[in-house]
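Contents: one structure, followed by commentary.
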Amino acid sequence: MMDAVAQTRSGIQFIEQERAFDASPDGPEAELADRLVGRWYVELPRSSKTEILQVEELLVGTSLIDLNGEARRLLQASSADELAGASLARFVAMTSRPAMAELLEKARVGSVEVTHVCLLTTEGAPVGIRLLAARTGEGDDRLVLVGSESSLPDAALDELIKNEERYRRLFQRMPIALWRVDPRGVKPLLGDARDAGVTDLVAHFNRHPELLDLAMDSITIAEVNDLTVQLFGGRSGVDFIRPIRSYWTARPDTLRRVIGARYRGLPQYTEETQVCGIDGRVVDVVMSMAFPPPDDIDGDCLVGMIDITDRRQAEAQLRELQDEFAHAARISMLSELTASIAHELRQPLAAITTHGDATMRWLATEPPAVDRAVKGLEGILKATERASAIIQRIHRMAINEAAQCTSVDVNAAIADTALFVKHDLQSRQVALVLNLEDGLPPVFGDEVQLQQVIHNLIRNSAQAIAEGQCSRRCVTVSTARQGDHIEIVVEDTGPGIRPEQAGRLFTAFETTKQGGMGIGLTLCRSIVTSHGGTIEPDMSFCDGARFRIALPLQVSP
């Protein structure tokens, strides 16, 4: 009892000294107090003197007005403005909230007491404080909290121990692989890069691969959970405590981007990648890494990984089925184009026959007309090349092979497709107009599959015009660059798309054509989506049907 009275008396004396220092803020005593004693000026929430607020209501409603240099140091704040207006609840540990609320309530009615509390810094670190509170004289709702650093209260220490135990249980039992990574070894490398004015660390690593090697040997794993051991074929967590080099031999490019993200000050980084296990397996994962705050250069990073091997296998099987589906559709399309193919081949074959007959006649003259015979042979070669090109196009459409992604000239692919469908459109008395923007950059994809999409849309338009007995009979294909993608527009002068059809256009086995199977547009969307693009009908177009395709530009390596 006597200790409490003594503490209260000394607290009153301390408050009176603080007020004296405030009255002469330029004196050496005030400067000493500012260095050794923290002062937090707060404003309580409005309430009557007889009203007792709940603990959370009181702390949340109490806001910081100002604080001195020592208070800023204790809370690790760079300036008073940074915390002005902040709720006091943000800086009070859960175990100390009842004591803090009691301190504020007593100070509001004029009582001064000393209490031992645990405050939290701006980064959430606990700080023990011996604290007292008193009115400032500027009204009943304004208080000054005065205190100095001390050991943590017993309750706060107990809570820290419980939090550590909770963290350990969570870390070990989380249903994802977790790594705690120590990046301090790479700090000198990042410092040298900043001193050299490097802004793009990934490009810097590309120019100096030896620096990435150094980073891979400097960053170490400090801790892993049980699922990591299971996923990557270890015997215990100790097996993983080593530099990270061995885990990224399959995908060192991921590590380049991870370190680059940390260098740019990002709070986290996520990508799908591959990690090499202790047992030599390469595991497909989604990796997400959380970085410490930029000012905590020695803090650990937390890495979470989810095994997506089954998903990748399912995606590969889906792509294989899609390729089979696309191949079946191309074979069906070729069977429908038999007349067009025969017409296309008839012209070069006829030219070969004509030039061959002429060449034989020129060689049969006396003396042989060699120069004219040579020209005839040249005509045969040109016709042969044309026939060969037609057969090659048919072969590419007919063979069943996995998608071969390369750099694709969209305009050339469309022009090639136009040759394929020319006779079919002529037989339906439908004109084909190409409005292709010059100088378009390439896209990355499978040219045959992309041609299949264009071919399907053009033939759908031609069939719709023919079946609708439209007076205007034209299909227009346009291309243009739109930002970071190429836009392909296929429009026609047919009967158009009815509003009730719009939601079912890409539904498999839904069709409005007599004898149609309803797989064409479904396949088109599947192909375009696999290329990272989109295909949608333009329902605002009133003069027929219009489809817009957007394909991303090829990314430079």
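The values are calculated or read from the model by the stated rules, or taken from the named source; none is laboratory data. Everything numeric here is computed off the predicted structure, so don't read it as measured data. Here Cβ is always computed from backbone atoms with ideal geometry, including for glycine, and neighbour counts include all displayed protein chains.
Give me a count of the residues in the range 167-210 that are touching a His at 6+ places or on another chain (Cβ under 7 Å) and part of a helix (DSSP H, G or I).
Matching residues across the range 167-210 total 1.
When each of ALA203, ALA222, ALA196 is tested for being surrounded by fewer than 15 Cβ atoms within 10 Å (Cβ to Cβ), under 21 Å from ARG173 (Cα atoms) and either modelled with pLDDT of 90 or more or among the hydrophobic types (A, V, I, L, M, F, W, C) (or both), the lone residue that passes is ALA222.
For the structure I just gave you, tell me whether PHE91 is modelled with pLDDT under 85 and out of contact with any Gly (no Cβ under 6 Å at 6 or more places or on another chain). Spell out the reasoning first.
On the way: modelled with pLDDT under 85: no; out of contact with any Gly (no Cβ under 6 Å at 6 or more places or on another chain): yes.
When the stated conditions are applied, PHE91 does not pass them.
Considering only residues that are in a loop (DSSP other than H, G, I, E, B) and surrounded by 15 or more Cβ atoms within 10 Å (Cβ to Cβ), look in the range 62-85 and name the one that is modelled with the lowest pLDDT. The selected residue is ALA77. Scanning for something of a type in the set (A, V, I, L, M, F, W, C), in a strand (DSSP E or B), modelled with pLDDT of 90 or more and surrounded by fewer than 16 Cβ atoms within 10 Å (Cβ to Cβ), does the range 265-284 turn up at least one residue? Yes, the range 265-284 has at least one match.
Being of a type in the set (Gly, Ala, Ser) and at pLDDT 85 or above: is that true of ALA101 here? So ALA101 passes the test.
A count restricted to the range 118-129 and to residues that are out of contact with any Pro (no Cβ under 7 Å at 6 or more places or on another chain) and surrounded by 18 or more Cβ atoms within 10 Å (Cβ to Cβ) stands at 4. Restricting attention to the range 404-430, the residues that are in contact with a Lys or Arg (Cβ under 8 Å, 6 or more places away or on another chain) and assigned to a loop (DSSP other than H, G, I, E, B) total 3.
Of all residues in the range 86-105, those satisfying the criterion of being among the hydrophobic types (A, V, I, L, M, F, W, C) and in a helix (DSSP H, G or I) are LEU88, ALA89, PHE91, MET94, ALA99, MET100, ALA101, LEU103, LEU104. Looking across the range 215-252, not a single residue is part of a loop (DSSP other than H, G, I, E, B), free of Cβ contacts under 8 Å to residues at least 12 places away in the same chain and hydrophobic (A, V, I, L, M, F, W, C). A single entry from GLU467, GLU447, GLU487, GLU500 fulfils the requirement of being charged (D, E, K, R), under 31 Å from the mean Cα position of the chain (by Cα) and farther than 17 Å from ALA550 by Cβ: GLU447. Within the range 441-461, the residues that satisfy the criterion of being touching a strand residue (DSSP E or B) at 6+ places or on another chain (Cβ under 6 Å) and without any contact (Cβ under 8 Å) to a residue 60 or more places away in the chain are GLU447, ILE458.
Do we find a residue being among the hydroxyl-bearing types (Ser, Thr, Tyr) and at pLDDT 80 or above anywhere in the range 443-464?
Taking the range 443-464 first, the residues among the hydroxyl-bearing types (Ser, Thr, Tyr) are 461.
Subsequent filtering for residues that are at pLDDT 80 or above retains 461.
Taking every residue of the range 443-464 in turn, at least one turns out to be among the hydroxyl-bearing types (Ser, Thr, Tyr) and at pLDDT 80 or above.
Would you check if VAL433 is under 51 Å from the mean Cα position of the chain (by Cα), at pLDDT 75 or above and not in a loop (DSSP other than H, G, I, E, B)? It is true that VAL433 is under 51 Å from the mean Cα position of the chain (by Cα), at pLDDT 75 or above and not in a loop (DSSP other than H, G, I, E, B).
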